[in-house]
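The values are calculated or read from the model by the stated rules, or taken from the named source; none is laboratory data. These numbers were taken from a predicted model, which means no experiment stands behind them. Reconstructed Cβ throughout: ideal geometry from the backbone, glycine too, with neighbour counts over all protein chains shown.
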Amino acid sequence: MKLPDAVTEKLREKDPPVTHAAFIEDGEVIIRYTCDGKAIGQTMFPYTPKAWIDWFRSMMEEMSPGILADTKKKKVTVRGKRPSTPASRSRRMHSRKRASRRRVKT
C-alpha cells in the first residue's frame, strides 16, 4: 500500500515521531497522520483484514526498511494425513469410573 509522500519522509527521518489515528466509517478505514501537531497526510481504504495487514506492513517497511523481508509470508506446506491406527486399538472400550468415585445421592 502506498503511503503519502510526506508520511514516508517523516517516517524515515524518525525524528520527530509520526503519530496516526485510525477511524472506521461505513466500511472505510481513514488513517490521519500527524507530526509535530500538524497534519501531514491521510490514507483511506476499504476495511478488510488483508488491507489492514497490508497497511501495517507498509508502515513497518518505511520505519525499518529490510526487516520485513525476512518475515514475509512463506508458502505453507501441507502435512500428509496421519497413518490410521489399527482397528483393534481404536475400538477399545473406555475405562469406567470406579463405583467409589461416583456420588450417590441419599
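Structural remarks
- If only residues of the range 5-37 that are assigned to a helix (DSSP H, G or I) and aliphatic (A, V, I, L, M) are counted, the one that is surrounded by the fewest Cβ atoms within 10 Å (Cβ to Cβ) is A6.
- Candidates in the range 36-67 are the residues that are under 18 Å from the mean Cα position of the chain (by Cα) and among the hydroxyl-bearing types (S, T, Y); of these, the one that is nearest to D5 (Cα to Cα) is S58.
- The residues of the range 1-29 that are among the hydrophobic types (A, V, I, L, M, F, W, C) and more than 24 Å from P65 (Cα to Cα), listed by number, are F23, I24, V29.
- Residue check, T71 modelled with pLDDT under 60, exposed (fewer than 10 other Cβ atoms within 10 Å of the Cβ) and hydroxyl-bearing (S, T, Y): yes
- Selection status of T43, of a type in the set (S, T, N, Q), out of contact with any Ser or Thr (no Cβ under 6 Å at 6 or more places or on another chain), at pLDDT 85 or above and surrounded by 15 or more Cβ atoms within 10 Å (Cβ to Cβ): yes
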